[in-house]
1. Sequence gap at least 6, Cα distance under 8 Å: using those rules, report the relative contact order of the chain to the nearest whole percent.
2. For the residue pair residue 130 and residue 14, what label-to-label distance in nm results when each label sits 7 Å from Cα along the Cα-to-beta-carbon direction?
3. Rank 207, 225, 44 by mean-square fluctuation in a GNM of the chain with C-alpha springs under 10 angstrom and give only the top-ranked residue.
4. Among 18-30, 211-223, what's the highest-first ranking by average C-beta atoms within 10 angstrom per residue?
5. Pairing the Cα long axis of helix 103-112 with the longest principal axis of the chain, what angle in degrees results, from 0 to 90 and rounded to the nearest 10?
6. Tell me the angle of helix 164-177 to the major Cα principal axis of the chain, expressed in degrees between 0 and 90 and rounded to the nearest ten.
7. Expressed as an acute angle from 0 to 90° and rounded to the nearest 10, what is the orientation of the C-alpha long axis of helix 32-44 relative to the principal long axis of the chain?
8. With each run of n ≥ 4 DSSP H residues scored as -39500 (n - 2.57), what mean residue ellipticity at 222 nm is computed for the chain after dividing by its residue count and rounding to the nearest 500 deg cm²/dmol?
């Protein structure tokens, strides 16, 4: 005879395991008719909860898990600071897991967290992620989940992001306004929604300026420093007309500096560079890097606030709680217009 457990009840009622569990625990976010259906079948099949499993679920670990793709990117260091501030205020510990942009590692971490060692999860997905069934399973097990920065659009939970499309449009527009006409766009992943939005902002800014989209100028990096620098150098040698680079992530802006130096190209005289970056030393580079700076600390803090509201109130997290914060364009020397261009613009304004 098939054992009577939560999974069987869920299958017979055509509900998720999480919904059945919440109904049996009389959670406020489950409708009364659903609770009645679940309890009626549970009584009919003589369902009895596993006291050992229930004990584990009811035992608070006072720990949350934070899953990030890398720590070299200063954005994630700042976001973690924001997360930890909220966790400390709630007397919780933070376990940090690195995926190193690897999908299989992300799946493995999700399975580990689904085992019940944390009371909630915050995640910024890896660039190599192909599907998100491993994250769906966290929700099915009743573990609160919040995305920040890099998100899974289809999963119905809260997401805290920045205005990536508008920021990318603004960054590309800034390069155009400073004389660039052949702008290369460096991105990490075609699959991430964050990459798609930033690419679309770039494409639309070019279109508005009457410049056709050139697929050859869009480079999908590999998250490998040596290979990515080599790729940028090969592109510059193949396309000497390139006069601007827009790096959609921090590391690719740094790699562009190195590639230009290796080829004897001068920033901003030969090439202008702008990138998404929260790097504190951006102003100390030679020349200082023009950046789209994200409110990383605030993103981490807001995402953690949503998560702990759900944990402390035993409430469901929904997509309606999602937030979009604004990034800031900080202009520095790497996109400085030439003296001739400044004079030409001044003449144009007087005319």
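1. 19
2. Output for this residue pair reads 3.2 nm.
3. Sorting by GNM fluctuation, first place goes to 44.
4. 18-30, 211-223
5. With rounding to tens, the tilt is 30 degrees.
6. 0
7. Tilt of helix 32-44: around 50 degrees.
8. Using -39500 (n - 2.57) per qualifying helix, the result is -14000 deg cm²/dmol.
Each reported figure results from applying straightforward, stated rules to the coordinates on display, with no laboratory input. For clarity, every value in this text was computed on a predicted model and none was experimentally measured. Positions of Cβ are generated from backbone atoms using ideal geometry, with glycine treated the same way; all protein chains shown enter the neighbour counts.
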